[in-house]
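The values are calculated or read from the model by the stated rules, or taken from the named source; none is laboratory data. Because the structure is a prediction, the values reported are computed rather than measured. Using ideal geometry, Cβ is built from the backbone for each residue, glycine included, and neighbour counts are taken over all protein chains shown. To get the accessible areas, we keep the full protein, side chains included, count just its heavy atoms, and leave off ligands, DNA and RNA. Shrake-Rupley method; radii C 1.70, N 1.55, O 1.52, S 1.80 Å.
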Amino acid sequence: MHQGYFAIIPAGVRYDKSLPPNAKLLYGEITALCNERGYCWATNSYFADLYDVKDRSITNWLGALEEAGYICREQVFEKGTKRVQERRIYLSEENTFSTPRKNLPDPLENNFPTPPKKSSRIIEQVNNTSNNIGRFTPPTIDMVTDYIREKGYVVDAEKWMSHYQSNGWKVGKNKMVNWKAAVTTWSKSNYAKTAKVDSIKKRNVIESLTDRSWAYDKG
């Protein structure tokens with residue numbers, strides 16, 4: 001599966017002190033694999049073999065990248081079943097880019113003549129635009145509601161908005177980068193809590209139905 005693309009690790013990821021060093025390296029590998037289909041389809045086992053580590057390490061690195069908002073994971077189920085067909089990893093919208101192909105010829109100085117003076121204004125506009133890339137803009141409640149409905153998540157949009165508005169749009173100690181990734185993470189956490197509560201309720205019902213202490217004579 002080794003791809004003929006360069007791996008790119010943007011400055012925001014490279015200098016994020018909350019990320020384990022190997023998580024940053026894994027992010028670079030994900031960027032390379034995203035070029036073929038627009039998302040990374042590699043499994044944890046593939047990455048574990050690639051870096052000669054255990055699957056648990058890959059799970060932790062991916063979790064750190066998602067928690068920081070740099071990636072978003074999605075499961076694709078087989079049609080009509082709950083069986084997972086494929087796990088997809090997407091780069092956050094603020095960090096999407098195309099990496100150059102590996103076997104490009106070396107650039108020659110003669111291929112890049114000095115631009116005429118009339119082009120200076122265009123170059124300045126491009127530079128200004130580049131400086132604005134990566135700035136986070138909080139979503140509206142309608143945007144969050146529509147995204148939750150689109151993904152079929154069980155999330156209270158108003159509660160989600162209230163939480164992140166009150167903490168200054170931070171994920172952990174870091175500024176939020178991708179609000180959609182934050183909604184996905186919130187959904188998974190909420191699902192886990194709901195499943196735990198349902199499990200406890202189910203166990204209590206079973207214990208209640210099987211409790212025959214009343215049948216014994218306590219006298």
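For the reader, a short list of remarks on this structure follows.
- Accessible surface of residue 16 - all protein chains present, 1.4 Å probe, nearest 10 Å²: 10 Å²
- For the cross-link pairs 82/180; 159/180; 54/180; 82/159; 24/151; 17/180, the ones whose C-alpha atoms lie over 25 Å apart are 54/180; 82/159; 24/151.
- Put simply, when 49-57, 77-85 are sorted by average Cβ atoms within 10 angstrom per residue, most first, you get 49-57, 77-85.
- Heavy atoms of residue 180: accessible area, 1.4 Å probe, square angstrom to 10: 60 Å²
- Three principal axis lengths of the stretch 18-57 [C-alpha, angstrom, descending]: 26, 23, 12
- Sorting 88, 14 by solvent-accessible area of protein heavy atoms yields 14, 88, largest first, with a 1.4 Å probe.
- Value of D in µm² per second that Stokes-Einstein yields for the stretch 1-91, Kirkwood Rh from Cα pairs, at 4 °C (1.567 mPa s): 95 µm²/s
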